[in-house]
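Comments concern the structure below.
The values are calculated or read from the model by the stated rules, or taken from the named source; none is laboratory data. In this text, all values refer to a predicted model and were calculated from it rather than measured experimentally. So basically every Cβ, Gly included, is an ideal-geometry build from the backbone, and we count neighbours across all protein chains shown.
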């Protein structure tokens, strides 16, 4: 999958730009606050309709303009498609090859990508919600059906919480059954995904760090068995129901559902030690990079085609050896990469044949 052309108009501080990227490496260079990350964000929006910086629509539109436009020409195994995204205060509109998109399944997968940004490092030391959100997005990138399951669970959770806040809780048992059934399916999908990427994560972390350490992602939930496995969806459902009944008095008092995947966590570790408490900045950054590469490799195995990789400020907090190891690794991968940096001195270009440099100054992207 390659992005052959991108057109940007009135997006953030970018007034207008038409870019023809290289099929391999694209280096976006400039001082801070010039628009480098905005460029990456526009690409990410083309594939997901969401900002990896969690920005609202009005924040994406250049001040004084009614809307922003991002348009890309995508080569997916020699099949060309034009994706056009119009961003207005009230919402976004997508067209593929000039035709409006009405179903989400027709959009997702047209431009697949994985992004690494400094915000991702907050996953390590931040609240469980950040790790759950990352895991849910990663699963959805490879399984479109996961979105509807996730939405269904949170709709049931909202209705059950509303009922818990009332004096009349008639029908609560029905919502409890539905929550356990849908929540169990969600947990099983999460655990299955983690099991599939763990070996990839360990291998990629060893490549980047230069050390053969055991990097792991471990799912933490009350419904997990003592051996750390989840079991079948039926086993998880029964375990969840048992806990919901056990916590019934506390839930009634607090008006809140206290058991389910919305309260689970993911633990990142190296050699059995929590990355949150024992990892250096370099180790944390290397771990998240390895996690993203595992996600890319998993998508490639499923689809036979690697997604595009977006790297925002990847070089800070990485020592020279880790930086060189990572760049050497990227060189042998058949995928398109976009990297932002404040200086080309931060990027190991030795041996790279195909690359383009795009200087960015005050929202203007030069070629």
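Yes/no per residue for (1) farther than 30 Å from residue 243 by Cβ; (2) assigned by TED's automatic domain parsing to the domain that holds residue 153:
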| position | (1), (2) |
| --- | --- |
| 272 | no, yes |
| 275 | no, yes |
| 290 | yes, yes |
| 327 | yes, no |
| 337 | yes, no |
| 344 | yes, no |
| 347 | yes, no |
| 365 | yes, no |
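Based on what the data block shows, is residue 276 in contact with a strand residue (DSSP E or B) (Cβ under 6 Å, 6 or more places away or on another chain), in a helix (DSSP H, G or I), surrounded by 14 or more Cβ atoms within 10 Å (Cβ to Cβ) and touching a residue at least 24 places away in the same chain (Cβ under 8 Å)?
On the way: in contact with a strand residue (DSSP E or B) (Cβ under 6 Å, 6 or more places away or on another chain): no; in a helix (DSSP H, G or I): yes; surrounded by 14 or more Cβ atoms within 10 Å (Cβ to Cβ): yes; touching a residue at least 24 places away in the same chain (Cβ under 8 Å): yes.
No, not satisfied.
Listed here are the residues, each with its yes/no results for (1) surrounded by 21 or more Cβ atoms within 10 Å (Cβ to Cβ); (2) farther than 15 Å from residue 118 by Cα; (3) assigned by TED's automatic domain parsing to the domain that holds residue 3; (4) without any contact (Cβ under 8 Å) to a residue 60 or more places away in the chain.
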position: 282; (1), (2), (3), (4): no, no, no, yes
position: 293; (1), (2), (3), (4): yes, yes, no, no
position: 314; (1), (2), (3), (4): yes, no, yes, no
position: 321; (1), (2), (3), (4): no, yes, yes, no
position: 331; (1), (2), (3), (4): no, yes, yes, yes
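Screening the stretch 344-367 for residues that are over 16 Å from residue 26 (Cβ atoms) and modelled with pLDDT of 85 or more and picking the one that is surrounded by the most Cβ atoms within 10 Å (Cβ to Cβ) gives 363.
With respect to the conditions (1) assigned to a loop (DSSP other than H, G, I, E, B); (2) in contact with a strand residue (DSSP E or B) (Cβ under 9 Å, 6 or more places away or on another chain), residue 212 falls short on a single one, namely (2). Go through the stretch 225-259 and give me each residue that's within 29 Å of the chain's Cα centre (by Cα) and either in contact (Cβ under 8 Å) with a residue 60 or more places away in the chain or assigned to a loop (DSSP other than H, G, I, E, B) (or both). Once the filter is applied, which keeps residues that are within 29 Å of the chain's Cα centre (by Cα) and either in contact (Cβ under 8 Å) with a residue 60 or more places away in the chain or assigned to a loop (DSSP other than H, G, I, E, B) (or both), the stretch 225-259 yields 225, 227, 228, 229, 230, 231, 232, 240, 256, 257, 258, 259. Filtering 238, 258, 200, 243 for residues that are in contact with a helix residue (DSSP H, G or I) (Cβ under 7 Å, 6 or more places away or on another chain) and either more than 26 Å from residue 141 (Cα to Cα) or exposed (fewer than 15 other Cβ atoms within 10 Å of the Cβ) (or both) leaves a single hit, 258.
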